[in-house]
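As structure tokens, the structure follows; a few thoughts come after it.
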Amino acid sequence: MSELLRVAVETVGELPVLRLKGQLVYGQGFQPLYDAVTRLRQEGHQRLVVDLTAVDLTDSSGLSALLEIKQRIGPAGSVVLLRPSDRVRASLAMIRVTSLFEVIEDDSEIT
């Protein structure tokens with residue numbers, strides 16, 4: 001059984017940060033994550049950070065979840081991935097969607 005995905009929403013300056021913990025894998029309930037993104041978008045946020053530091057496993061369903069976040073933020077918005085694993089980076093490159101995300105490595109880069 002995979003570790004349940006937990007989502008915490010924080011604000012750094014004016015920017016919302018979704019701190020994920022657990023696994024982004026098939027069988028997880030991604031709805032709380034999607035609901036948080038939708039709520040932030042309805043509040044007027046067009047840019048958000050998804051902190052993947054504490055995500056220890058990601059599969060194709062997890063990649064789809066990241067793409068769903070981008071879709072919910074909309075074409076004019078931006079999604080920043082904080083500390084994605086090398087595997088996530090390679091997978092995003094393989095399916096040619098890397099350009100949809102900004103990638104940063106440190107909380108100090110959140111702006």
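The values are calculated or read from the model by the stated rules, or taken from the named source; none is laboratory data. Remember, it's a predicted structure, so these values are computed and weren't measured experimentally. So basically every Cβ, Gly included, is an ideal-geometry build from the backbone, and we count neighbours across all protein chains shown.
Could you count how many residues in the stretch 59-90 are of a type in the set (G, A, S) and within 22 Å of L4 (Cβ to Cβ)?
The total comes to 6.
Of these, A90, A65, which one is of a type in the set (A, V, I, L, M, F, W, C) and loosely packed, with under 15 Cβ neighbours inside 10 Å?
Checking each option against the conditions leaves just A90.
Is there a residue being of a type outside the set (S, T, N, Q), closer than 15 Å to L20 by Cβ, at pLDDT 95 or above and assigned to a strand (DSSP E or B) anywhere in the stretch 86-102?
yes
Going by the structure shown, is S64 part of a helix (DSSP H, G or I), among the polar types (S, T, N, Q) and at pLDDT below 95?
Against the criterion (part of a helix (DSSP H, G or I), among the polar types (S, T, N, Q) and at pLDDT below 95), S64 does not qualify.
Within the set of pairs 6 or more residues apart or between chains, which connect a residue that is under 18 Å from S61 (Cβ atoms) inside the stretch 30-49 to a residue that is of a type in the set (D, E, K, R) and not in a helix (DSSP H, G or I) with Cβ atoms less than 9 Å apart?
P32/R6
Any residue in the stretch 76-89 that is free of Cβ contacts under 8 Å to residues at least 60 places away in the same chain and in contact with a Phe, Trp or Tyr (Cβ under 6 Å, 6 or more places away or on another chain)?
Yes: the stretch 76-89 contains one or more residues that are free of Cβ contacts under 8 Å to residues at least 60 places away in the same chain and in contact with a Phe, Trp or Tyr (Cβ under 6 Å, 6 or more places away or on another chain).
Somewhere in the stretch 25-43, is a residue assigned to a strand (DSSP E or B) and among the hydrophobic types (A, V, I, L, M, F, W, C)?
Checked the stretch 25-43: no residue is assigned to a strand (DSSP E or B) and among the hydrophobic types (A, V, I, L, M, F, W, C).
Can you tell me how many residues in the stretch 11-50 are over 17 Å from I73 (Cα atoms), surrounded by fewer than 17 Cβ atoms within 10 Å (Cβ to Cβ) and touching a strand residue (DSSP E or B) at 6+ places or on another chain (Cβ under 6 Å)?
Residues that pass the stated criteria total 2.
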